[in-house]
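The values are calculated or read from the model by the stated rules, or taken from the named source; none is laboratory data. None of the values given here were measured: they were computed from a predicted structure. Heads up, the Cβs are rebuilt from the backbone with ideal geometry, glycines too, and the neighbour counts pull from every protein chain shown. Only protein heavy atoms, including side chains, enter the accessible area calculation; ligands, DNA and RNA are left aside. Shrake-Rupley method; radii C 1.70, N 1.55, O 1.52, S 1.80 Å.
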Amino acid sequence: MFSSKIFNLGSAFKQHFEIVPAFSDALKEEVYRVRHQVYCEDLKFEPTRPDRRETDEHDANSLHLLMRSIKTGEFIGCTRIVLSRPEDPYYQLPFEKTCATALDRSIIDPSKLPRQDIAEVSRLAVIAAFRRRKGEANSAVGISGGDFGTPDQPRFPFIPIGLYLATTELARLNGIDTVFVLTEKRLASHFSKLGFDLQYIGSPIEHNGERIPSMMSVSATINNMRVNLLPLYHTIAADIERNLPKHCALGR
């Protein structure tokens, strides 16, 4: 795919991007603005809102992340980790409702897991200028084989993989070891090839296109991470540590 000896992913990432945990109200507003731009105005998955903020009932119990362009200073992408609600034993993560009839509960039954140990990654969004490629007009984010370039001219899909590595680290910091995601099968396949511990747990469903429910072990992904990804992971982890507010209480 490419040689990590000549292409250090961590160094390359920090030249172009920065991960910013969105714990303040002001940064959460940036998250909702990016989501509205992508999901409402661009892809039209959701209705436009007069205040140009795309929000839902799960945001209050979510950890939010932003990606910033070093060159322009603008926020270009976001995602979130939806946590359980310890005070509400009947609360379901979004995918548990959406995939109620599609889950293969012989593989895993989320309802039987300790609720404080699980979460869902969702609302991954990247603004059009940073994701628009042929065949991706209707996708909030994507990866293709061409994103990795050649051994002589290596490239890397920093934005989607950077956002997923950021959620992996933030989940680890928050004591979450099992995360669920509803994603395109092609995207899930690329992540699996990169060494993410992703497992399909049900049948595809129609949800703004075909999506498949999957789960990932945070500890297994980190412990078995490929050598070439480690510099990128450490760079992103350093971004999160540096940008977390002082005395910040995470989601627990």
inquiry  = Condition first: exposed (fewer than 14 other Cβ atoms within 10 Å of the Cβ) and within 18 Å of Ser24 (Cβ to Cβ). Now tell me which residues in region 52-70 satisfy that.
reply    = Ala60
ask   = Does Ser111 qualify as being open to solvent by 10 Å² or more (accessible area, probe 1.4 Å) and over 22 Å from Ile236 (Cα atoms)?
value = yes
query = For region 241-251, does any single residue satisfy the condition of being assigned to a helix (DSSP H, G or I), modelled with pLDDT of 90 or more, under 15 Å from the mean Cα position of the chain (by Cα) and acidic (Asp, Glu)?
reply = no
task = Sort out which residues of region 83-107 are more than 15 Å from Ser214 (Cβ to Cβ), open to solvent by less than 70 Å² (accessible area, probe 1.4 Å) and of a type outside the set (Phe, Trp, Tyr), and write them in order of number.
result = Leu83, Ser84, Arg85, Asp88, Ala100
